[in-house]
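The numbers here are math on the coordinates, done by the rules we state, and not lab data. Predicted, not measured: the structure shown is a model, and the values here were computed from it. Cβ placement follows ideal geometry from the backbone for every residue including glycine, while neighbour counts extend to all protein chains displayed.
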Amino acid sequence: MQAKPCRDSRVVKTSRVFPNDVNDHNTLFGGKLMSDIDMTASISATRHSRASVVTASTDSVAFLASVRPSDSVCLESFVTWTGRTSMEVFVKVTAEDLRSGDRRIAATAFLTFVAVDDAGLPTEVPPVLPESEEERRLNDSGDERAEHRRAHRRQSQEMAAYLTTSRPW
């Protein structure tokens, strides 16, 4: 398969923060932001693979700065690294104070998606071709993050083996 540039999977979504989007601290509710991150990242994965995708894991979400009702929030996502059937998607969340124009990185996230065919079976994806310095740095460190994901998944499977499904009440 021919490699695809990161720009082909880039998604940018900008929105306002409304009163129903905030928590008790009058900042953007983390769960709302995580939902938007997953939605945006899934579009990037679909653009890259041109297949149906499933979220395999939310590898990390780092909340770095609060997002206030006076801010807009911009999510930018793109595929940074690929395995045979999996894709790592990076999401950068930028908050902008709409009155002052001050911008700050509010969060970053890495998610993994698997491309699936019409039968729901994993299907191969093209490699990614990083072009910018940011894309190259994220791609170069992708193997290390993938190994960390594999180790974490093994640990999660081991833990699931001794967890109970009985009701605690």
For the chain, with the dipole built from +1 on Lys and Arg beta-carbon atoms and -1 on Asp and Glu ones, taken about the Cα centre, which of A65, F110, V22 lies farthest toward the positive end? V22
With the cut-off at 29 Å, report for the range 4-162 the share of all Cα pairs above it, as a whole percent. 23 percent
What value in Å³ per residue do you get for the convex hull of the alpha-carbon atoms in the range 1-49? 73 Å³
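Note down the magnitude of the dipole of the range 1-135 about its Cα centre, charges +1 on Lys and Arg C-beta and -1 on Asp and Glu C-beta and zero elsewhere, to the nearest 20 debye.
Value, rounded to 20: 240 debye.
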Taking 7 Å along the Cα-to-C-beta vector as the label spot, tell me the R84-D24 distance in nanometres, rounded to one decimal. 4.8 nm
How many nm is it between the label spots at F63 and E144, if each spot is 7 Å from the Cα in line with the beta carbon? 2.7 nm
What's the exposure ranking of F90, F113, F18, F29, going from fewest to most Cβ atoms within 10 Å? F18, F29, F90, F113
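In whole percent, what relative contact order does the chain give with Cα contacts below 8 Å and a gap of six or more residues?
Details: 331 pairs, mean separation 43.6, N = 169.
Value for the chain: 26 percent.
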